[in-house]
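Student: Got a structure for you, written out below as structure tokens; questions coming shortly.
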């Protein structure tokens, strides 16, 4: 088969798997698991074959126009360069791991068939986004991902948190998607085509008339999808979904789609200096803010969610300094280790029966209960904190190196101010990242108190994939930075000495300071008993997690907060702790700016409907009713009256007929 | 005999019957008035049939045939009518048309519930009496 055919099959197979899963889910439950895993695995193999055949050479382009669509044609187009080939492999790997993990994680869940089908559909949409060479087709995949995310976040729809989070995720991303759509139209109008190759050709020849406007409109959509400030608030709440969904959609792939989109169209953004500055500031605010917030979260998954936002900030930072190679390198390594972190967190939540770090810090021997999760999570946290020689170190250093390169004025692609902004924010975030990674590890695995409950071995499907994902987190980075430039733009991704020393030093400082703070506060833990565990510890992991999410707010007084004086984050953040725990009150700002006006408008509409429109309707009904009352009075029950009326009518008719006949 | 005599006679009969139907209170008298009107029509039919058959070459005497039909049907009608009046009289103790106003629309409220309620109360009152 030709490479083009193989590439077309890559998004198609999971789509067929999803359709079959949705159709057969109730009638043939035995086929659900194979239908979930096999198409995803097959498309991973095909994506790998496509990547090998493409080999980082000239981009593969193929297009077919199904039907003429008016002024700007929409084509089914493939555009596979080194970025697309490698990102597709990452999506395939993570999706396969998540599907295998889910068979264990949701093994007793009655809604597993629809869940697995939606994950397959999501995988298909993401692969479509990755391979598509046409912006409209890309948008189709983009929106399908959004709706899959909505359904999967609301998987535990019995809990109010999940319902609220799914609606919030959908609305906030849509807030960005509307400007995104307008931006795509504007871009296509300027370029005369939706094809990425033609758009890039137009940009190269300087044919773009409104670069700043287009870039800023597109940035809104990217900020929504990739959870960048100020549209990031949906991502921490989206952790109310099942852990595998958080791993696949809200950490490794979908949120990376925005970054990937900018990487594809980077010349469009480079055409506008203002857009690059905005991108850099957005990345800097996102990185530092999310680092502080992650340090104050109590829910283990929310810590990881804020960490995802911060790492996405690194990627947008790399794009702000016009180095898409570094951005996609970080995307790849982050996809691997963040998926691993989430899946390991799922195992830990199952074993501990709670998602609260405060409760975990009062359990001893938790790491002996889940040795696989302990070791792989340690690897992934080291990668997250960018400690050499783990993969996160190399990808993060390539970002910092690119920023330093721009800041010192070695390139004309990006403004120097953007370089400085990203560099300083990146170094500060390295400190914060190491601090919250250290806090997470200490609270989860170095707890003291009652022994953690023993639920026996975790399912094999859940532990094996952890080790599969640990391999790229552990080893690939050192190899990748030498190989990847051949696949990407050819720019050097090797870590530079200055930023390496600076970044690693900050990370070490962050880790050591957190450890010291933990030593200082951990003695308080025994004095303040705290915590609640799931009521059904023998249930499958999904049920335990749903109970943990549902009970967090009633037990601790908030989904993100726990009144735990033994938390080292509380000591480190000081007065910032309370605002950081609630995401710096951004939700309240949105409530005042958007939710309240919309609710006010809704009540106004309800008033108008009930008091104005209904009045007309009731008035229209009243007139016939009065007529009916008047006519009913004629019905007296006296037959002779009726006959008299009949006679009178007959006489009138007869006289009229006679008059007409006589021609009067 | 000139056509005017039977025509005037039948007009007088019809007006008498019409007056009876509209003005009499007793149901039996009303029925008798209906018979008068029917017979006025019969008289008309026969008279005009004879008048027409004088000029026509061949005739089927359809007017007289129709009269026979009318007489037959009137006999059946009066039988049923008298039976109904008899039944009503047995049931209500009267055959006064002015008092047989059950189909009248009640004045106070619309809706059948009210009527059902009042008839229910009336039946109960009858049962106790």
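Quick note: the coordinates plus some simple rules give every number you see, no bench work behind them. Computed from a predicted model, the values in this text were never measured in an experiment. All Cβ positions, even for glycine, are placed from backbone atoms using ideal geometry, and neighbour counts span all protein chains on display.
Student: Take the alpha carbon atoms of the stretch A:82-147, find their center, do the same for the stretch B:72-103, and report the distance between the two centers in whole angstrom.
Tutor: So the separation of the two Cα centres works out to 85 Å.
Student: Right, here's the next one. Determine the distance separating the Cα centre of the stretch A:375-406 from the Cα centre of the stretch A:269-328; give it in Å without decimals.
Tutor: Taking the Cα centre of the stretch A:269-328 as reference, the centre of the stretch A:375-406 is 15 Å away.
Student: Under Stokes-Einstein, with the Kirkwood radius over Cα pairs standing in for Rh, what whole-number D in µm²/s applies to the stretch A:543-640 at 37 °C and 0.692 mPa s?
Tutor: D, rounded to a whole number, is 164 µm²/s.
Student: Which of A:396, B:99, A:301 comes first, and how do the rest follow, when ranked by fewest Cβ neighbours within 10 Å?
Tutor: B:99, A:301, A:396
Student: Between the alpha-carbon centers of the stretch A:190-213 and the stretch A:421-489, tell me the distance in whole angstrom.
Tutor: The distance from the Cα centre of the stretch A:190-213 to that of the stretch A:421-489 comes to 40 Å.
Student: To the nearest 10 degrees, how steeply does helix A:112-131 sit against the main Cα axis of chain A, on a 0 to 90 scale?
Tutor: Between helix and principal axis, roughly 70 degrees.
Student: Quick one: angle between helix A:160-191 and the longest Cα principal axis of chain A, in degrees between 0 and 90, rounded to 10, please.
Tutor: Computed tilt is about 90 degrees.
Student: Once you order the gyration tensor axes a ≥ b ≥ c over the Cα atoms, which shape class does the stretch A:466-518 get: rounded for a/c under 1.5, otherwise prolate or oblate by comparing a/b with b/c?
Tutor: Cα axes put the stretch A:466-518 in the oblate bin.
Student: Right, here's the next one. At q = 0.11, 0.13 Å⁻¹, what log₁₀ I(q)/I(0) does the stretch A:80-162 have when each alpha carbon counts as one equal point scatterer in the Debye sum?
Tutor: Evaluating at q = 0.11, 0.13 Å⁻¹ gives log10 I(q)/I(0) of -0.34, -0.47.
Student: Further question on the same structure: Multiply the residue separation of residue A:650 and residue A:417 by 0.36 nm, subtract the distance between their alpha-carbon atoms, and state the gained length in nm to one decimal.
Tutor: Result for the pair: 73.9 nm of gain on full extension.
Student: In vacuo Debye scattering of the stretch A:442-493, one point per C-alpha: log10 I(q)/I(0) at q = 0.17, 0.30 Å⁻¹?
Tutor: Reported log10 I(q)/I(0), two decimals: -0.77, -1.05.
Student: Now a separate question. Treat the count of other C-beta atoms within 10 Å as a stand-in for reagent exposure and order A:552, A:520, A:250, B:2 from fewest to most.
Tutor: B:2, A:520, A:552, A:250
Student: Could you pull the Rg and Dmax for chain A, using just the Cα atoms, both in Å?
Tutor: 30.6, 121
Student: If R₀ is 30 angstrom, what is the calculated FRET efficiency for the pair residue B:24 and residue A:632, using the beta carbon separation as r and rounding to 0.05?
Tutor: On the way: r = 27 Å, r/R0 = 0.90.
So, using R0 = 30 Å, E works out to roughly 0.65.
Student: Here is a follow-up. If you wrap a convex hull around the Cα atoms of the stretch A:291-353, how much volume per residue is inside, in Å³?
Tutor: Measuring per residue, one finds 57 Å³ for the Cα hull of the stretch A:291-353.
Student: Let me ask something else about it. For the stretch A:283-578, what does the alpha-carbon gyration tensor say about shape, rounded, prolate or oblate, given a ≥ b ≥ c as the root eigenvalues, a/c under 1.5 as rounded, and a/b over b/c as prolate?
Tutor: Prolate, because a/c is 1.5 or more and a/b exceeds b/c.
Student: While we're looking at this one, here's another question. Taking N as the number of residues in the stretch A:23-62, what value does Rg over Cα atoms divided by 2.2 N^0.38 Å take?
Tutor: Relative to the 2.2 N^0.38 Å estimate, the stretch A:23-62 comes out at 1.76.
Student: Nearest 5 is fine: what % of DSSP beta bridges in the protein assembly as shown come out antiparallel, could you say?
Tutor: 80 percent
Student: Hey, another quick one. Would you mind giving the mean number of other chain beta-carbons within 10 Å of the Cβ of each residue in A:638-648, as a whole number?
Tutor: Values: counts 7, 9, 8, 1, 1, 4, 4, 0, 0, 3, 0.
Per residue, the number of nearby Cβ atoms from other chains is 3 on average.
Student: Would you order A:445, B:14 from fewest to most other beta-carbon atoms within 10 Å of each residue's own beta-carbon?
Tutor: B:14, A:445
Student: Hey, another quick one. Using only the alpha carbons of the stretch A:304-447, determine the length spanned along each of the three principal axes and report them from longest to shortest in whole angstroms.
Tutor: Extents along the principal axes, in whole Å: 54, 22, 22.
Student: Note the angle between two axes, namely the Cα long axis of helix A:300-320 and the longest principal axis of the Cα atoms of chain A, as a number of degrees from 0 to 90, rounded to the nearest 10.
Tutor: 80 degrees
Student: Here's a follow-up. Normalised by the residues of chain A, what does the relative contact order come to in percent, with Cα pairs under 8 Å and at least six apart? Write out the running numbers ahead of the final one.
Tutor: Values: 1180 pairs, mean separation 86.5, N = 664.
Reported relative contact order: 13 percent.
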